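Everything below concerns the one structure shown next.
The values are calculated or read from the model by the stated rules, or taken from the named source; none is laboratory data. As the structure is a prediction and not an experimental result, all values here were calculated from the model. Cβ coordinates were reconstructed from backbone atoms using ideal geometry, including for glycine residues, and neighbour counts include every protein chain displayed.
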Amino acid sequence: MIRGSLVFLALAMAAPAALAQPHKPAAKPNSQAATKPAPKSPYSAPAFKITVATWGKYPPFNYIDRKGLPAGFEMDLAQEACERMKAECTFVAADWNDLIPGLIDKKFDIVMASLDVTPERRRRLGMSRRYYLSPGAFIAAKGAPYDGPPALLRNKRIGVQRDSMHADWLDKNFRRSAQIKRYPSVADELQALAKGEVDAVFGDKAQLWLWSQKPEGQCCIVMGQDIKDTRTLGIGVSAGIRREDLKLREAFNKAIGGMLSDGTYKKLNAKYFPFPLN
């Protein structure tokens, strides 16, 4: 009994010692590994994400290429501007009558579709700086003696599109000194020139030159001086941008200015036309 009691006493004295051993807490998960940031992308975020809309039916300024994509002089300018603005751009074509409403409704962010700057558009939109100006010009039969100042066309028959700014300019300068014949469209006045019904046609230089490059226009050549009259013929073509998008308009204007100053605009211009458009 004494020996058994001693064994029990020894076990009882050892239990508190075992309970007194310090408890080692379980290892905690590595919180740093759980919150470690993802590696940074080597590409910076675009400054703008925008949709550029055009008409697609006014070549070579804007048209749809064989792949079904918007192309042309204006789209080349737009792509260059997007690079300079560090913008992620999508290019789309839309019906003419949907361009400005779509811009206002935020379906598009920039419209580049040969929009002449007019007082009405200035009221509704934030028009960019001018990116091209096609001057007024005369076209006549090759060899005609009119390749000089407009005064050489006095007492001659001059065709023009009815109710156009070019008709306004002719009325202002030739009402009493030439026979002005008005036609429903540019195609009609040029057809009259090819038939010899008029001695010359006055209109947009780019349009007249493009017609002279076609088989039906081989009879004729653009001649004389460029006519630039901002009061009658306007100040040129600009991009349509919403009035509230001030930063976008500022960036676009800076991009166009850079192209003009570093020669990029001149190269793109020469790709489509043998004469300057700005």
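Output the number of the condition that Arg231 fails; it satisfies all remaining conditions of (1) assigned to a helix (DSSP H, G or I); (2) among the basic types (Lys, Arg); (3) closer than 27 Å to Gly72 by Cβ.
(3)
So which residues in region 68-102 are more than 20 Å from Ile256 (Cα to Cα) and aliphatic (A, V, I, L, M), if there are any at all?
Within region 68-102, the first condition is being more than 20 Å from Ile256 (Cα to Cα), and the residues that meet it are 68-69, 92-102.
Passing the criteria: Leu69, Val92, Ala93, Ala94, Leu99, Ile100.
Inspect all residues belonging to region 226-242 and state whether any of them is under 13 Å from Ala140 (Cβ atoms) and touching a Leu at 6+ places or on another chain (Cβ under 8 Å).
Our first condition is that a residue be under 13 Å from Ala140 (Cβ atoms); within region 226-242, this holds for none.
Checking region 226-242: not a single residue is under 13 Å from Ala140 (Cβ atoms) and touching a Leu at 6+ places or on another chain (Cβ under 8 Å).
Quick one: Arg176 ticks every box in (1) of a type in the set (Lys, Arg); (2) assigned to a loop (DSSP other than H, G, I, E, B); (3) modelled with pLDDT of 95 or more bar one, so which box is it?
It fails just one condition, (3).
Identify the single condition in (1) at pLDDT below 95; (2) buried (at least 18 other Cβ atoms within 10 Å of the Cβ); (3) in contact with a strand residue (DSSP E or B) (Cβ under 6 Å, 6 or more places away or on another chain) that Leu170 does not satisfy, given that it satisfies every other one.
Among (1) at pLDDT below 95; (2) buried (at least 18 other Cβ atoms within 10 Å of the Cβ); (3) in contact with a strand residue (DSSP E or B) (Cβ under 6 Å, 6 or more places away or on another chain), the lone unmet condition for Leu170 is (1).
If I filter region 153-165 for residues that are of a type in the set (Ser, Thr, Tyr), assigned to a loop (DSSP other than H, G, I, E, B) and surrounded by fewer than 15 Cβ atoms within 10 Å (Cβ to Cβ), do I get at least one hit? Let's see the steps before the verdict.
Taking region 153-165 and keeping what is of a type in the set (Ser, Thr, Tyr), we get 164.
Those still in the list that are assigned to a loop (DSSP other than H, G, I, E, B) too: 164.
From what's left, surrounded by fewer than 15 Cβ atoms within 10 Å (Cβ to Cβ): none.
No, that holds for no residue.
May I ask you to verify whether Arg243 is assigned to a loop (DSSP other than H, G, I, E, B) and within 30 Å of Thr51 (Cα to Cα)? If you could, list the steps in order and put the result at the bottom.
Values: assigned to a loop (DSSP other than H, G, I, E, B): yes; within 30 Å of Thr51 (Cα to Cα): yes.
Judged against the criteria, Arg243 is a match.
Counting only residues that are under 28 Å from Pro215 (Cβ atoms) and not hydroxyl-bearing (Ser, Thr, Tyr), how many does region 149-169 have? Full working, then the answer.
Initially, region 149-169 is screened for residues under 28 Å from Pro215 (Cβ atoms), giving 152-153, 156-162, 164, 166-167.
In the following step, the residues that additionally are not hydroxyl-bearing (Ser, Thr, Tyr) were identified as 152-153, 156-162, 166-167.
Matching residues across region 149-169 total 11.
Are any residues in region 137-152 surrounded by fewer than 15 Cβ atoms within 10 Å (Cβ to Cβ) and part of a helix (DSSP H, G or I), and if so, which ones?
Passing the criteria: only Ala151.
Any idea how many residues of region 189-199 are part of a helix (DSSP H, G or I) and exposed (fewer than 14 other Cβ atoms within 10 Å of the Cβ)? Steps first, answer last, please.
Step one: filter region 189-199 for residues part of a helix (DSSP H, G or I), giving 189-194.
Restricting the remaining residues to those that are exposed (fewer than 14 other Cβ atoms within 10 Å of the Cβ) gives none.
Counting residues in region 189-199 that are part of a helix (DSSP H, G or I) and exposed (fewer than 14 other Cβ atoms within 10 Å of the Cβ) gives 0.
This table checks each residue for (1) surrounded by fewer than 19 Cβ atoms within 10 Å (Cβ to Cβ); (2) at pLDDT 95 or above; (3) under 20 Å from Glu197 (Cα atoms); (4) of a type outside the set (Val, Ile, Thr).
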residue: Trp209; (1), (2), (3), (4): yes, yes, yes, yes
residue: Ser212; (1), (2), (3), (4): yes, yes, yes, yes
residue: Pro215; (1), (2), (3), (4): yes, yes, yes, yes
residue: Gln218; (1), (2), (3), (4): yes, yes, yes, yes
residue: Ile221; (1), (2), (3), (4): yes, yes, yes, no
residue: Leu233; (1), (2), (3), (4): no, yes, no, yes
residue: Ala239; (1), (2), (3), (4): no, yes, no, yes
residue: Leu246; (1), (2), (3), (4): yes, yes, no, yes
residue: Gly257; (1), (2), (3), (4): yes, yes, no, yes
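Please work out which one of (1) closer than 19 Å to Tyr132 by Cβ; (2) in a helix (DSSP H, G or I) is the condition Ser238 fails and give its number.
For Ser238, the exception is condition (2).
Could you list, in sequence order, the residues of region 58-68 that are touching a strand residue (DSSP E or B) at 6+ places or on another chain (Cβ under 7 Å) and surrounded by fewer than 21 Cβ atoms within 10 Å (Cβ to Cβ)?
Selection gives Tyr58, Tyr63, Ile64, Asp65.
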